[in-house]
Structure formats: C-alpha cells, structure tokens
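Report on one structure; see the data block that follows.
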Amino acid sequence: QVQLVESGGGLVQAGGSLRLSCAASGRTFSSYAMGWFRQALGKEREFVAGIGWSGGNTYYADSVKGRFTISRDNAKNTLYLQMNSLKPEDTAVYYCAASTNRLPFKSSFNSWGQGTQVTVSS
C-alpha cells in the first residue's frame, strides 16, 4: 500500500506558476509509474500528466501540453508538477496517483492522495 501526500496548491493569477509536490511512502517509489489528475467543481476527474518509473516516459493531456511538466526524484520519493502559464480553466483539485504498472497507462492508477486545491484567478 502506498501513501501519497500532495502539497503546493494555492491561489495564483492567470499567467502565473505553481509547483505541486507529492510525497510517497509505503512502497518502493522507483518501481512504479506516477501521475497527476485533476477534478474541477461539477466535472469528472481527468488525467493531467503521467511519468514512467524511471522518469524517461512522460505523457500529458492536450490541454496542458507545453505548459505543465511532470518530473520525479526517486531518491526523495517525490513527484512534481510544474505548472506555468496557468489559466482560469486549470482551477481544480489536483490529485497525485500511483500506478500498478511501470508505465503510466491511465487505467493503471489505483492509489490516490487527498488532493490539493489550485485556483487561478482571471
């Protein structure tokens, strides 16, 4: 069982940046893929970005491609999401997720953090 704790959310103006972090424990962090999802009020949770076990494979939703960067530090058991050029439509609760696989197939995520709120004002 893996435990995930997100941090770094907050309120930012449109065009600004935030970096989310996710601290993992309870399982060998470097053995599985990780991802970020988000859920806006009244909407379904959606995939944002995923990264393979070694950090060599990254995938992004079209809506964030070119603005967000996912990365991981296996020595620190930590996942990151650097978010630049933020837009009001990026407002959501952001969740860190752990996969059962070495690559971040969207259906392979089965462990979730508690979420961190990101609010982008116009």
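Taking segment 53-90 as the range and being closer than 19 Å to GLN39 by Cβ and of a type in the set (A, V, I, L, M, F, W, C) as the test, the residues that pass are ALA61, VAL64, PHE68, ILE70, LEU79, LEU81, MET83, LEU86.
Taking segment 46-70 as the range and being charged (D, E, K, R) and closer than 19 Å to SER21 by Cβ as the test, only ARG67 passes. Filtering segment 59-78 to residues that are of a type outside the set (Gly, Ala, Ser) and within 18 Å of ASP90 (Cβ to Cβ) leaves TYR59, TYR60, ASP62, VAL64, LYS65, ARG67, PHE68, THR69, ILE70. When segment 13-32 is filtered for residues that are within 22 Å of GLN114 (Cα to Cα) and modelled with pLDDT of 95 or more, the ones remaining, listed by number, are SER17, LEU18, ARG19, LEU20, SER21, CYS22, ALA23, ALA24. Are any residues in segment 51-101 under 17 Å from SER7 (Cα atoms) and of a type in the set (Lys, Arg), and if so, which ones? Those that are under 17 Å from SER7 (Cα atoms) and of a type in the set (Lys, Arg): ARG72, LYS76.
When THR78, THR58 are checked against the criterion of being farther than 30 Å from SER122 by Cα and not charged (D, E, K, R), a single residue qualifies: THR78.
The values are calculated or read from the model by the stated rules, or taken from the named source; none is laboratory data. Keep in mind it's a predicted model, so treat the numbers as computed, not measured. In this analysis, Cβ positions are derived from the backbone assuming ideal geometry, glycine residues included, and neighbour counts consider all displayed protein chains.
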